[in-house]
Amino acid sequence: MQYSKETNYMKNFLPYAIAAFLIGIVGGLSTVLGPAFMQDMNLDYNNTTWTALAQAISTAACAPILGKLSDIYGRRNTLLFGIIIYTSGSILSALSTSLPFLLVARFVVGIGSAAVTPTVISYIITEFPPQMIAKGFSLYMLISSAAVIFGPTLGGLIIELSGWRALMWISSIICGIFFFLCLFTLPKESYKKKTLKDFDRTGAFFVIAFFSLLLCVPSFGQNFGWTSIQFIIALFLALVTLVLLVYAEKNAKNPILIGSFMSRKAFILPVIILFLTQGLMQANMTNTIVFVNYTQPTNTAISGYAISIMYIGMSLGAILIGPLADRYEPKFVLTGSLLLTAVGCATMLTFTEGTAFLLLASSLGILGFGLGANATIFMKIVLSNLPESSAGAGTGIYGLFRDISAPFGVAVFVPMFTNEITRLSTNTSYNMTAATAAVNSIHLLAIIELVCVGLGILIVQLLPIIRKK
């Protein structure tokens, strides 16, 4: 579809900014849902992995599909549809009575997010002037990160006062309000609607199937064992669906996954770095909450405050470091921001059973500062020069790999952390309390994360030079 360039692009960006803020604020409130639900239902904390995974699967796997549909039906319709689904998922979360029920609810939330985010980014690509697109990405990251700043803190306070159900009902009300704000501010679009005749339905099915299984593989290995039947079945099905996905996309007239877009060095290398580093954000948020629950069970609110500091860091990183890639070589700016994430991870090596709030906040704040900058620069490298007719599809494809990096980090690092606590605290030969085991486990996790960041820095050096002398 062809969008006309609007001179008043910032005014028309308002409803998209509102939608991005909605995903951020409700997402921030929901970060404390998983541990609170497990505690209320007397379930092990390692089940938090499944709640995060359920939402992550649909957020990532549905992004390229809904991004392509936005090129057919228009951004306005796709955005409103996404908010309706997002609201429905929040309502289902409030009504959840069991872990399977909650998993379905979070999956629905992810579908809504998968419709909203690519639509917002595609607006920036197609409607912002070329010389302002980089700043547009920074603005988007600022809105998304800033919206989450108070979410974990407010979410923790609401849970302490009224419980997790009240938290999700409040989230649902916020969603409803924001839906009407977008409904009345979204401008009409003039474009030629495309047909669904050549829509890649088979590819869409296998995109969801493969990437869902891909996320399940490390989780199953961590939770059931690397030689368990569950892990073997998940791995086998993932390989089978990968083969079928490649075959389906190779023969599709209009594939969901555009090969020419994905085969570029400017796409492949940032995606590898995303998997090594950006997943640290979501994993460390969840692990910080669980760590505080183990070591300071009477002072759990401080984890919410610390996570809010992390999002402040992300907001600052997005607006202070991200735009520097317009002035200096992006690979050098990325190297600096990745070093900041290494400092944030290294600070975790100093955590103890009585870790002060300032230390928690410093670790997550520095980590967030680097990650916020990374995310902005990656979008500039990968999404520049996308044609208007495939802006939704391109942003959806990148969104798939960007969003899958966070749950991949959760799938690897959260079970690694919680299972190590269980192993150390239940083995009588170690003679450890659960709190001491949590300290040892988070130190091990920090070392592994530092190795991942180091590999990411090495790969950055392989990126092509973008700024020519």
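Exactly one residue out of LEU445, LEU424 is in a helix (DSSP H, G or I), within 26 Å of the chain's Cα centre (by Cα) and on the phi < 0 side of the Ramachandran plot, and it is LEU445.
Comparison of GLY34, GLY89 shows that the only residue that is crowded, with 23+ Cβ neighbours inside 10 Å, free of Cβ contacts under 8 Å to residues at least 40 places away in the same chain and touching a helix residue (DSSP H, G or I) at 6+ places or on another chain (Cβ under 9 Å) is GLY89. Would you point out the residue of segment 335-359, among those that are farther than 19 Å from ALA435 by Cα and of a type in the set (Gly, Ala, Ser), that is surrounded by the fewest Cβ atoms within 10 Å (Cβ to Cβ)? Of everything passing the filter in segment 335-359, GLY336 is surrounded by the fewest Cβ atoms within 10 Å (Cβ to Cβ). Of all residue pairs spaced 6 or more apart or on separate chains, none has beta-carbon atoms under 6 Å together with a first member in segment 321-348 that is under 14 Å from THR277 (Cα atoms) and a second member that is surrounded by fewer than 16 Cβ atoms within 10 Å (Cβ to Cβ). Among the residues of segment 125-152, those identified as over 19 Å from the mean Cα position of the chain (by Cα) and β-branched (Val, Ile, Thr) are ILE125, THR126, ILE133.
Looking at segment 168-264, the helices (runs of 4 or more DSSP H) lying wholly inside it that each contain 2 or more residues that are touching a Phe, Trp or Tyr at 6+ places or on another chain (Cβ under 9 Å), buried (at least 16 other Cβ atoms within 10 Å of the Cβ) and small (Gly, Ala, Ser) sit at 201-224, 229-251. In this entry, PHE107 passes the filter for residues that are within 19 Å of SER172 (Cα to Cα) and surrounded by fewer than 24 Cβ atoms within 10 Å (Cβ to Cβ). Does at least one position in segment 53-65 carry a residue that is surrounded by fewer than 21 Cβ atoms within 10 Å (Cβ to Cβ), under 20 Å from ILE208 (Cα atoms), β-branched (Val, Ile, Thr) and modelled with pLDDT of 90 or more? The answer is no; no qualifying residue exists.
Taking segment 113-124 as the range and being within 23 Å of GLY28 (Cα to Cα) and either more than 20 Å from the chain's Cα centre (by Cα) or not small (Gly, Ala, Ser) (or both) as the test, the residues that pass are VAL116, THR117, PRO118, THR119, VAL120, ILE121.
The values are calculated or read from the model by the stated rules, or taken from the named source; none is laboratory data. On a predicted model such as this, the values are computed, not experimentally measured, just so you know. When we count neighbours, we look across all protein chains shown, and the Cβ atoms used for this are built from the backbone with ideal geometry, even at glycine.
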